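Contents: one structure, followed by commentary.
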Amino acid sequence: MNEHDSIVAWFKGEIPNHWFGAPAEISIDRDEILVIGTLPSPGFEDTDTPEMRQEACEARLAGFREDSRAERMAIARRAEKRFQRKVSWGARCEGEEQVFTTLASPAMTRLRMSERKVLDTLVDVGVARSRSEALAWCVKLVGQHQESWLAELRDALEQVEAIRARGPA
């Protein structure tokens, strides 16, 4: 079993069945494991306004965050020890999603003057408070607008990893 599948299976065994209405979505990178579960719907009525629905979902998310805090922290400690990654948690209810904790990892890069000017412009006009925040904003924007292309790259990488794992015959 590869590491990704091992982590997903471990969390399936650790997460209490009553927490989420469907299996949790587990995202993994080199530094972090992000677990996002879908909470059961608050049980809306046809007459509920969009504002009422949003308020109900926000209350459901806040309640889950508070009620599950101790158990989420205990699961995270065990996972961090086992998998050597930080664990972050989130939940969604209908269209609302909240990520309770996330890891912000530094990413060092060397930029030429023309690239620094882009970041400095974003800072100067108030889009970002610093070059670091401006760079994060740029990465987020690319991720939003190029998701299908990035998904293709991830699929190709998974195929390469599978071939590597088989090794030479």
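Assorted remarks:
- The amide H of Trp89, built 1.01 Å from its N in the peptide plane, has Val35, Phe100, Thr101 as neighbours under 5 Å, considering only residues 5 or more places off or on other chains.
- Backbone HN-Hα couplings from phi across the stretch 61-72 [Karplus 6.51/-1.76/1.60, Hz, Gly and Pro as x]: 5, 5, x, 4, 4, 6, 5, 9, 3, 4, 6, 4
- With kT/(6 pi eta Rh) evaluated at 4 °C and eta = 1.567 mPa s, and Rh the Kirkwood radius from Cα pairs, the stretch 1-105 diffuses with a coefficient of 89 µm²/s according to Stokes-Einstein.
- Its Cα centre serving as origin, the chain has a Cβ charge dipole (Lys and Arg +1, Asp and Glu -1) of approximately 1140 debye.
- Gain upon complete extension [Gln146, Ala9; 0.36 nm per residue less C-alpha separation]: 46.4 nm
- Simple label model, 7 Å out from Cα along Cβ direction - Met1 to Asp124, nm: 5.5 nm
- Calculated Rg and Dmax of the stretch 59-140 using C-alpha coordinates, Å: 17.9, 50
- Partnerless cysteines in the chain, where a partner means another cysteine C-beta under 4.7 angstrom, comprise Cys138.
- Estimated translational diffusion coefficient (Stokes-Einstein, Kirkwood radius over Cα pairs, 10 °C, 1.306 mPa s) of the stretch 106-169: 111 µm² per second.
- Karplus-derived 3J(HN,Hα), 6.51/-1.76/1.60, for each residue of the stretch 76-91, Hz, glycine and proline x: 4, 4, 5, 5, 4, 5, 6, 9, 6, 9, 6, 10, 10, 10, x, 8
- HN-Hα J in Hz across the stretch 152-169 - Karplus 6.51, -1.76, 1.60, θ = phi - 60°, x for Gly and Pro: 4, 4, 5, 4, 5, 5, 4, 5, 4, 5, 5, 5, 4, 5, 5, x, x, 6
- Modelled label positions at Asp29 and Gln84, each set 7 Å beyond Cα in the direction of Cβ, lie 1.9 nm from each other.
- Straight-line cross-link partners of Lys140 among the lysines, defined as a Cα under 19 Å from its Cα and at least 8 positions apart when in the same chain: Lys117.
- Antiparallel bridge percentage (DSSP; both residues within the chain; nearest 5): 55 percent
None of the figures in this text is laboratory data; all of them are computed from the coordinates on show. All values reported here derive from a predicted model rather than from experimental measurement. All Cβ positions, glycine included, derive from the backbone under ideal geometry; neighbour counts span all protein chains shown.
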